[in-house]
Each structure stands twice: as C-alpha cells, then as structure tokens.
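The values are calculated or read from the model by the stated rules, or taken from the named source; none is laboratory data. The shown structure was predicted, so the numbers you read here are calculated from the model rather than taken from an experiment. Quick reminder, even Gly has a Cβ in these numbers, built from the backbone with ideal geometry, and neighbours come from all protein chains shown. The area values use the complete protein model at the heavy-atom level, side chains included, leaving out ligands, DNA and RNA. Shrake-Rupley method; radii C 1.70, N 1.55, O 1.52, S 1.80 Å.
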Amino acid sequence: MLFSVAALLVQGSQGDLGASLRRQAPVSEMEAPQATGPLVIRLERVDALPSPSKHTKDSFYVGNISVGHPQQTMRVLFDTASGHVLLPHRVCKSPACVAHKRYSPWESTTSADVNEDGQAVQAGHRLAKGPAKRTEVTVEFTQADLGSGEAKGVLVRDDVCLHSSESNAQACTDLAILAALKLADQPFLAMPHDGILGLALQGLSAGALSTFYERLMAGSRRLLPHFGLTLGPNGGEIAFGGHDRERLSGPLSWFPVAKPEQGFWQVEIKKVKVGGVVVDECSEGCFGIVDSGSSSLGMLPQALQRTLPNLHVTSEEFVGCVGPVIELDLGAFDLEVPAKDYTGQSCQPEIGSLDLDPKAFNGVYALGTAVLRNYYTAFDWAKARVGFAPLTLDQARKIRKTKGEQVFVV
Ligand SMILES: *[C@@H]1O[C@H](CO)[C@@H](O)[C@H](O)[C@H]1NC(C)=O
C-alpha cells in the first residue's frame, strides 16, 4: 500500500455512531507486555478475493492481531508502506466493510473516541454520544496490484495486541485506530484481510497517537526497536523486537532510510538493470519503497515502459519461466528479482503500475513481496535504516515445510 494523501477534516455530524449497538461489558485490566526476545507472528499467504476487474494472482501475507477487551481478533496485512492501523468500523456499510470483519468499539471496554490530538471527542464520554465535532481522516491508498482508492474514517483509541505464534507472549499498545466509515470498493473489496497494520515511520500517520511501532516501543522496555520480515512461498513471519540470526545466510547490509520525513522505509537505488543491461540510470535519483502490502514489483508508468520491452520471458518445460533477472542495485547490495517472481501463470511479466504523483514520487519503485521474498528484511526504527540479507536455504525450506507441501528446493 502506498499511502499518498491524508486529509484531516473536523466534521460536525458524527457523534453517536450507533447507540443501539452499545452494551456494557466488564472492565478488564490491560495486560503488560510479556515478550522476551523477539515476538514472532506467523503470516499466511492468501490470494486476493475474486474481483471482476482484476486477475487473482495477487497474494498477501496476513496475520492476526487482537483489538480491545474482550479481544476482537482481526486479520490484518502487516504493511510497511502505510501509517495507520486501519480497521472497518462496526457501523461502516460499504461493501468492502461488510465483506470483512468489523471492529466494534461498543464491544470493547477500553475503546475511546478521540480526535487527532488524542483528546476525547466529548469530555466525560468514552464513546461520543449525540452530535459532536470530531476529526475525520481521509487516506488515499495506492496499491500496485489492486489500484487506488480512499478510506474515510474516525479515530478510536483502543488496545492493539500482537500474539506470539511460538508462546503465550503478547505485546500490546494503545493507539488511535483509524476506524473506517467508508472504504472504496477498489482496492479494499478484493483484500483477503479485514484491516491493515501500517508499519511506516511517523511521517505517514495522521494524529499524535496513530503510529503503531512508535506506540509499541513507548510502552515496552523489553522489545528492541527492530522488526524483521521473512516471506516464503506459502507463508512467512514477522519478528518484533529483533531479528532471528538463524534466518540469515550472511550479515545484513544496512541502508539509511532516504527522505525519512516522508515516512516510508525507502532506500536509494543506484541503477536498475535487466539481464545486466541498465534500464534506469537513476540520474535524478531512484528510491525503493519497501512495501510488504503489495505483491508485485511496482514501477511508475515511465519506468514500466522502459523496462517491459527488455523482459523476454519464455516458458520452458520442467523449468518454468526463463528470463532475465531484474536487478535493483543499492550499491553495496543487489536486490535480484528472478523471472519466476515477476511473471504470472503463463510467464507474462506482471509488474505493477504505480498510480502516483510523478513529482512527489519521482524515481520510485515499490519493492513488493515479489522482491522481498528472496531476502530477509530488517527494519531498524532507532537508526532509521533498512537491512537486507539473503535467506538461508534452511529457512526457505522450513517455511515450505510448515505448510505441509511437497516442494523441491534446488
Ligand atoms: C488467525 O486466527 C484464526 C482463528 O482465529 C486461525 O484460524 C488462523 O490460522 C490464524 N492465522 C494465523 C496466520 O495465525
């Protein structure tokens, strides 16, 4: 997901969103973070839901979080290129909301309606009642696979918890969730998950309490300010609070975040090559935005035009798609995308076209999961840098095995 515009509006009409849904529940205590070492969350790779306008090869890595008390389990995309925890609000009637599980503030004893400054919408009322002025947030999402569209919503403060898939450990933080009142069919209807957990830097969120990772770090002295992502053919994992050295076949190569004020985990690309031939000299600068929320490698239309004619891919019996490697040269490290990772079922190239303002996003490439799948990606929040390392073969094998599938690793 590439977030491009966030507009804040103060609306006069959205106080009481659903008095009939309100009910009392016993007050429970917020659990303290119990994690020691990284907290590892299992991700499954799931296909986009069928949609009339799009092919269905796109897939997403999704995992579970829980929200509120008692816990409402939501299936989310862990998205390094957007800045909010976005969930459909219980009152949202958009088809894209109704098709997914919706978060209900009324079923949670810890929820509170807030404005962008984190303050209560109505003094003395946890959930606003009757007409009230409150912040309405509009976020434009651009997705190389599913297209662009808007989410409109309000801010609700509640606890969001991550649960280890290896132990009973969990880590929680309270933050301002963007609870959507309207979700555009495109791109949200085809999403196989309920919501999005944005992991971008501070610059991408609206409001004081909306940046998940910052909030998580503020509330936990045990988690280190790192997270790491491993994506396999069928599933993967995201480790919060460190990285697992066993996953790496070599040391991480670190790159500073370029233009950190923009909020993206983006690194400078020196050159782009196809089969060893330079297709983008990057004379005005190129940037790779790490985007775990898109499946393809995404390019601006101009770059796409330059690259596509060079991608001669053939289908070979027993081997699969054979074609040139796309190389993103980062200087000390090359990110390589082999033909099998940028092609569809009949070996035709599937590069996502990025519908972004070419001025603000000049030279941008979106490093979707087709790129990230070949590497371990580490995110260092404290030093604002991104690290890449090849995955160990064992790791690739392990992720395949855990899914119970017979896959030969060559
Ligand atoms: C998420 O939770 C559901 C049930 O609550 C479970 O079936 C599913 O396997 C979980 N997914 C992951 C990736 O842990």
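Take the residues in region 233-258 that are over 19 Å from SER292 (Cβ atoms) and part of a loop (DSSP other than H, G, I, E, B), then tell me which one is most open to solvent (accessible area, probe 1.4 Å).
PRO251
Looking only at region 97-112, decide whether some residue is of a type outside the set (Phe, Trp, Tyr), open to solvent by 10 Å² or more (accessible area, probe 1.4 Å), touching a residue at least 12 places away in the same chain (Cβ under 8 Å) and assigned to a strand (DSSP E or B).
The answer is yes, given that some residue of region 97-112 is of a type outside the set (Phe, Trp, Tyr), open to solvent by 10 Å² or more (accessible area, probe 1.4 Å), touching a residue at least 12 places away in the same chain (Cβ under 8 Å) and assigned to a strand (DSSP E or B).
When you scan region 209-230, do you find a residue that is within 16 Å of the ligand (Cβ to nearest atom) and over 13 Å from the mean Cα position of the chain (by Cα), even just one?
Checked against the condition, which is being within 16 Å of the ligand (Cβ to nearest atom) and over 13 Å from the mean Cα position of the chain (by Cα), region 209-230 yields at least one hit.
Working only within region 66-88, note down all residues that are surrounded by 24 or more Cβ atoms within 10 Å (Cβ to Cβ) and away from the ligand (no atom under 16 Å from the Cβ).
THR80, ALA81, SER82, GLY83, HIS84, VAL85, LEU86, PRO88
Do you know which residues across region 172-208 are more than 28 Å from GLY147 (Cα to Cα) and modelled with pLDDT under 90?
Selection gives ALA208 alone.
For residues that are in a loop (DSSP other than H, G, I, E, B) and at pLDDT below 95, scanning just region 318-330, find the one that is nearest to the chain's Cα centre (by Cα).
The qualifying residue nearest to the chain's Cα centre (by Cα) is VAL319.
For residues that are basic (Lys, Arg) and part of a loop (DSSP other than H, G, I, E, B), scanning just region 61-96, find the one that is nearest to the chain's Cα centre (by Cα).
By that ranking, first place goes to ARG90.
Could you tell me whether GLU336 is under 26 Å from THR230 (Cβ atoms) and open to solvent by 30 Å² or more (accessible area, probe 1.4 Å)?
On the way: under 26 Å from THR230 (Cβ atoms): yes; open to solvent by 30 Å² or more (accessible area, probe 1.4 Å): yes.
Yes, satisfied.
For region 283-297, does any single residue satisfy the condition of being touching a His at 6+ places or on another chain (Cβ under 9 Å) and either more than 30 Å from VAL85 (Cα to Cα) or free of Cβ contacts under 8 Å to residues at least 24 places away in the same chain (or both)?
no
Take the residues in region 355-386 that are among the small types (Gly, Ala, Ser) and closer than 17 Å to PHE287 by Cβ, then tell me which one is modelled with the lowest pLDDT. Working first, answer last.
Taking region 355-386 and keeping what is among the small types (Gly, Ala, Ser), we get 360, 363, 366, 368, 370, 378, 382, 384.
Now restrict to residues that are closer than 17 Å to PHE287 by Cβ: 360, 363, 366, 368, 384.
Working: ALA360: 85, GLY363: 95, ALA366: 95, GLY368: 94, ALA384: 95.
Once the filter is applied, the top-ranked residue is ALA360.
Could you look through region 201-212, keep only residues that are in contact with a strand residue (DSSP E or B) (Cβ under 7 Å, 6 or more places away or on another chain) and open to solvent by less than 10 Å² (accessible area, probe 1.4 Å), and pick out the one that is nearest to VAL137 (Cα to Cα)?
The qualifying residue nearest to VAL137 (Cα to Cα) is ALA206.
I need every pair where a residue in region 62-79 that is over 26 Å from SER294 (Cα atoms) has its Cβ under 9 Å from the Cβ of a residue that is small (Gly, Ala, Ser) and within 9 Å of the ligand (Cβ to nearest atom), sequence separation at least 6 or different chains.
Note: no pairs meet the criteria.
Given the criteria β-branched (Val, Ile, Thr) and more than 30 Å from SER59 (Cβ to Cβ), does VAL160 qualify?
No.
Determine, yes or no, whether LYS152 is more than 16 Å from the ligand (Cβ to nearest atom), within 19 Å of LEU204 (Cβ to Cβ) and among the charged types (D, E, K, R).
Criteria met by LYS152.
Give region 356-380 a look and list any residue that's open to solvent by 10 Å² or more (accessible area, probe 1.4 Å) and either in contact (Cβ under 8 Å) with a residue 40 or more places away in the chain or within 19 Å of the chain's Cα centre (by Cα) (or both), or say none. Lay out the reasoning, then the answer.
Initial filter on region 356-380 (open to solvent by 10 Å² or more (accessible area, probe 1.4 Å)): 356-363, 373-375.
Matches in region 356-380: LEU356, ASP357, PRO358, ALA360, PHE361, ASN362, GLY363, ARG373, ASN374, TYR375.
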